[in-house]
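Everything below concerns the one structure shown next.
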Amino acid sequence: MPDSALPDGVERREFGGETRLATRGPPVYGEPTDGEWRAWDPERSKLGGMFELGFDTGLSGGETVLYLGAAAGTTVGHVADFAGPTYAVEFAPRPTRDLLDVAESRDRLFPLLKDARKPETYAHVVESDVDAIVQDVATRGQATVANRNARFLADDGRLLLAVKARSEDVTADPDDVFTDVLAELDGTYEVLESGRLDRFHEDHLGIVATPR
Ligand SMILES: C[S@@+](CC[C@H](N)C(=O)[O-])C[C@H]1O[C@@H](n2cnc3c(N)ncnc32)[C@H](O)[C@@H]1O
C-alpha cells in the first residue's frame, strides 16, 4: 500500500510478518526480498531511519540526487531504486569496489571515486540543479562538506543530512556538536526539520534543509 509520506517507489511491505520499508531492485546486503521488492534496513541507513521516523524529506521519487559518502552502496542502492540519476561520491577505494557492483545492476547509479570536500573535482560530471543532496560522510567538517556542495542544489532542492556527533568531537556533548553544525549550515541553508536518529543511529542528527 503506497504511503503518501514516502516517495514513489518506496513502500511499506510485509517481510516475514513484519512491515518494513522497501524498494524495488536487486538485493545488495543480504536483506530480505519478496519478488522484486527488498527490505530497507533503517539500522544500516540514516536515510532509511529518517523515513522510518517520519521526516518530511520532500522526495517524491524520480529526483536527481547527489549522494555524498556512498560507502559500499547500502543506502545509495535504495536511493537509485526510486530516484532518477544518482551520483554517488565516495573517496575510499575499497568500498567503492563494492559500490561498482551495486551500480552494475542499476543504470541510474553513477559512482564517483572523489573527495566530497573538493566538489570542483566532480563539477564537470554532476549536473547542476540536482533535486536532492543526501550526505552521510561521518567525518570531521560535515557542515563544511554540505556547504561546499550547495552549488549543485536547485533553489528549491533538499539537503538530507546525517550528522554523526562523534565524528566532529568524540568528547563533546552531541547536542553541542549539533548546535555548532546547525549554526555553520545557517549561512547557506534554511533548516526545515531536524531530529535525533537515535532509535536507529546513536548520537546522529537528521537534518532536512533547503538553500537560502
Ligand atoms: C557512514 S559511512 C556511509 C554509509 C553509507 N552512506 C550508507 O548508508 O550506505 C561514511 C562514508 O563516507 C566516506 N567519506 C568520508 N569522508 C568523505 C569525503 N570527504 N569524500 C567522500 N567520501 C567520504 C567514508 O569513506 C565512508 O565510506
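The values are calculated or read from the model by the stated rules, or taken from the named source; none is laboratory data. Everything numeric in this text was worked out from a predicted model, so none of it was measured. No Cβ is skipped: glycine too gets one built from the backbone with ideal geometry, and neighbour counts run over all protein chains shown.
Key figures for this structure:
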| read-out | value |
| --- | --- |
| For SER128: the one exception among (1) in a strand (DSSP E or B); (2) at pLDDT below 95 | (1) |
| Breaking point among (1) among the small types (Gly, Ala, Ser); (2) touching a residue at least 40 places away in the same chain (Cβ under 8 Å); (3) surrounded by fewer than 19 Cβ atoms within 10 Å (Cβ to Cβ), for SER167 | (2) |
| Pick from segment 149-165, criterion of a type outside the set (Asp, Glu) and farther than 23 Å from GLY73 by Cβ, ranking: nearest to the ligand (Cβ to nearest atom) | ALA165 |
| Which numbered condition ILE133 misses (of (1) more than 16 Å from the chain's Cα centre (by Cα); (2) more than 9 Å from the ligand (Cβ to nearest atom)) | (1) |
| Matching residues, segment 111-127, being of a type outside the set (Ser, Thr, Tyr) and surrounded by fewer than 19 Cβ atoms within 10 Å (Cβ to Cβ) | LEU113, ASP115, ARG117, LYS118, GLU120, ALA123, HIS124, VAL125, GLU127 |
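Residue-by-condition table, conditions (1) within 8 Å of the ligand (Cβ to nearest atom); (2) of a type in the set (Asp, Glu); (3) crowded, with 19+ Cβ neighbours inside 10 Å:
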| site | (1), (2), (3) |
| --- | --- |
| ASP41 | no, yes, yes |
| LEU47 | yes, no, yes |
| LEU53 | no, no, no |
| VAL65 | no, no, yes |
| VAL76 | yes, no, yes |
| VAL79 | no, no, yes |
| ALA83 | no, no, yes |
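Residue-wise test of (1) part of a strand (DSSP E or B); (2) buried (at least 21 other Cβ atoms within 10 Å of the Cβ); (3) among the aromatic types (Phe, Trp, Tyr).
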{"residue": "GLY157", "(1), (2), (3)": "yes, yes, no"}
{"residue": "LEU160", "(1), (2), (3)": "yes, yes, no"}
{"residue": "ASP176", "(1), (2), (3)": "no, no, no"}
{"residue": "SER194", "(1), (2), (3)": "yes, no, no"}
{"residue": "THR210", "(1), (2), (3)": "yes, no, no"}
